[in-house]
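Below is one structure, written out as structure tokens; the observations come after it.
Bear in mind that the values in this text are calculations on the coordinates, not laboratory data. Only a predicted model underlies this, so the values are computations on that prediction, with no experimental measurement involved. Cβ coordinates were reconstructed from backbone atoms using ideal geometry, including for glycine residues, and neighbour counts include every protein chain displayed.
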Amino acid sequence: MNRAEKRRQKKLAQKTAAQKAPGPTPKTLAQLFQQAVQFHQDGQFIEAGALYRQILDINSDLAEVHCNLGSVQNSLGDNVAAEASHRRAIALKPGYADAHGNLGNVLSDLNRWDEAITSYQHALTHNPKNANIHNSLGSALQELDRHGDAIRSFETAIVLNPGFAEAHGNLGISLLETDGPDEAIASYLRALALKPDFAEAHSNMGNALKDLGRLDDAASCYGRALAIRPGYAQARCNLGNVLTYMGQLDEALACYEQALTDKPDHRLAANNYLHTLLYHPDVSNDELFDACRRMAGGPVAISQTHSGTALEAGARLRIGYLSSDFRDHPLGHNILPLIANHDHDAFEIFCYAELSSPDAMTQEFQNHADHWRAIKGMTDAEVANRIHADGVHVLVYLGGQFDENRPSVAAHRPAPVQVSLFAGTTTAVEGVDYWLTDAVLHPPDNAGGTTERFTEELYRLPSLFIYPMPEHSTPVSALPADDNGYVTFASFNKPSKMNDRVLDLWADVLGAVPNARLMLKFRNYLASPTIRQRILSRFEKNGIALERIRLLDEKDSFQDHLARYAQADIALDTFPFSGATTTFQALWMGVPVLSLMGDRFITRMGGSITAQAGVENLTAETAEEFVALAAALADDLDRLRELRSTLRQRIGSSPLCDGAAYARNMEDSFRSMWAAKAGK
């Protein structure tokens, strides 16, 4: 508050105190307020709050005291009380900019972003030159992915206060989403020039460098953030993510464990921990299951149940989909053909979107849903209550523990039937009834040696995977071996999937086909010196001349990415985490994919996809079979030419691309589940 306001409040307090008897003298009341403010400034919030309340017991009409009390309550985490205090201050003094701004802060903490934005705008109406409020408004706009508006708010804050490091840092976040990493890095550098110990700016600059493929530099940025603030869980999680991509899986797992120690409710760290276990070649099925159970936690007290969620005669079955991937993402591409082909006469579709960065594909999902619910920032219990209120009959959790998906909501049992779809492993969440799969991913009676453990009941579809046919993809090329005089093997999978055992097996393939080459690609990540050294040194250790290995490090457009397959004759799958989208794309471009089948869902995806494509003799059960299969196929140019010329047509007419049939199969499964679980 300014000096004039302080004098006014002091006189008002003295006048009010004089009117009350018995009570403290005017001097005592003024001293109480001064002492409360001092406690407040010193971070002694409990003591400050007690004194503010004592003053309000004497005179409840002091707007500034209500506002200060609200700030204390916000600092103590009592945002319900804080909201009430700030609203009382505004009622007493409608033009009180600080109260409007502080109310915006409280509403932001409550994830009520639209209301927070309105409060900040009211504050700026009364105090348009407050850089802090412009910055806070920008941060709230970011949460709603309104990055263009956020940029304008941050730029205004910077004009008002050029040395405002936090505004420069926040501007970088929105620039990364809109203009790209180079512009974002420039903002982060300005923030760090002003505030070298700005941990968030170091971490966020790491994110921008990661986008540029500079993973080693990104890791260094995360390290600097953690040196400044060792308990910074998000930076620790970011570092773990980069280490995972680099193939340093044990180090990545340690990062996620530490992040969860620092912040036990860090959902992304928990998801990434489980995701990284799927890459690890030394993790057994028992160890994976135990980790899933541990991350899922114990049973949750259910505040709402599905009792009363009935299906009226002639009514549509309500299907809910919960995901963070209703966007341009491998899972998004996998699920869009289902959402787009639902029979809306028989099914009512709800989408619950945990989205950080919606895009053009998000709009496609919205267009095909009967109801769209944004759930970002809501607790599991709040999401469950929303789903229950919608009367959903069958709730589908998409993507398991990948990304920011949240099967943990299932523990609240918001729907009578709960289903896991496109999860890499068991959710291990009490309340998930079914795991959708197929007979290749989970052979009946554990045929094929599968020993995976899970808490759900398996429900086998005729086929699990579905893909939209890529638009505007380049024509399939002629077989490159005919021009090169040698066969080129390829893998466009993540480097995190290329563990030492995979590289050793590929080296054996190159040893069995002495004149062959190997081409590897994933985004621009193979520009990382750490990744290049790890891959190349492993081949060198296996006696493979490095001129036979080609690492592509350009970040291509989608069409250019597909066009790279014109340089490949045979694709090699990874293990234990096999390819899915990469397998489909290779087949679409006429390139057969060889897979080593394993003992769990995640190791058998390539086999499931090639089986649905109707292509035989592309899977092996042992490493020796894999090498022999690769050598035989490399020696059979006639078969390679035949596959090259027919795979796209076979894929296009297969169940992999028949969205309508896939939707009918899925709807039949939902009817069956409903009848078994809730419709008896």
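Less than 18 Å from a label point 7 Å out along the Cα-to-Cβ axis of A676: which backbone N atoms in region 369-393 qualify, by residue? Residues 393 fall inside that zone.
Relative to the dominant Cα principal axis of the chain, helix 147-160 is inclined by about 40°.
Neighbouring Cβ atoms within 10 Å as the yardstick, rank V242, V440 fewest first. Provide the component values of the computation, followed by the final result.
Details: V242 27, V440 23.
Final ranking by Cβ density, sparse to dense: V440, V242.
For the listed peptides 37-43, 432-438, a ranking on the average number of other beta carbons within 10 Å per residue, highest first, reads 432-438, 37-43. Peptides 209-216, 197-204 ranked from most to least packed give 197-204, 209-216, packing being the mean of other C-beta atoms within 10 angstrom over each peptide's residues.
A Förster radius of 30 Å, combined with the Cβ-Cβ distance separating T261 from S357, puts the computed FRET efficiency at roughly 0.60.
Relative to the globular-protein estimate of 2.2 N^0.38 Å, the Cα radius of gyration of the chain stands at 1.11.
Sorted from fewest to most neighbouring beta carbons within 10 Å, what does the list K195, K521 look like?
Numbers: K195 17, K521 24.
With the sparsest Cβ surroundings first, the list reads K195, K521.
Neighbour counts of other Cβ atoms within 10 Å put H66, H126 in the fewest-to-most order H126, H66. The calculated 222 nm mean residue ellipticity attributable to helices in the chain amounts to -17000 deg cm²/dmol, summing -39500 (n - 2.57) over DSSP H runs of n ≥ 4 and dividing by all residues.
Assign unit charges at the C-beta atoms only (+1 for Lys and Arg, -1 for Asp and Glu), then state the dipole size of the chain relative to its Cα centre in Debye, rounded to the nearest 20. The partial results should precede the final answer.
Working: 63 positive and 83 negative charges, 567 e Å.
That gives the chain a dipole magnitude of about 2720 debye.
Relative contact order of the chain: 9 percent, from C-alpha pairs under 8 Å at least 6 residues apart in sequence. Cross-link partners of K494 among aspartates and glutamates, defined as those whose alpha carbon lies under 13 angstrom from its own and excluding same-chain residues fewer than eight positions apart: D553, D573. The string of couplings for region 277-287 from the Karplus curve (6.51, -1.76, 1.60, θ = phi - 60°) is 4, 5, 7, 6, x, 9, 8, 7, 4, 5, 5 Hz, one whole number per residue in order, with x for Gly and Pro.
Ranking H368, A423, A269 by how far each Cα lies toward the positive end of the dipole of the chain (charges on Cβ) leaves A269 at the top. For the chain, the longest principal axis of the C-alpha atoms and the axis of helix 113-126 are separated by about 40°. Across region 651-657, coupling constants 3J(HN,Hα) worked out from phi with the 6.51/-1.76/1.60 Karplus curve, θ = phi - 60°, read 5, x, 9, 8, x, 4, 10 Hz, and Gly and Pro carry x. Working note: Karplus 6.51/-1.76/1.60 with θ = phi - 60° gives region 32-46 the couplings 4, 5, 4, 5, 4, 4, 5, 4, 4, 5, 7, x, 8, 6, 5 Hz, where Gly and Pro are set to x.
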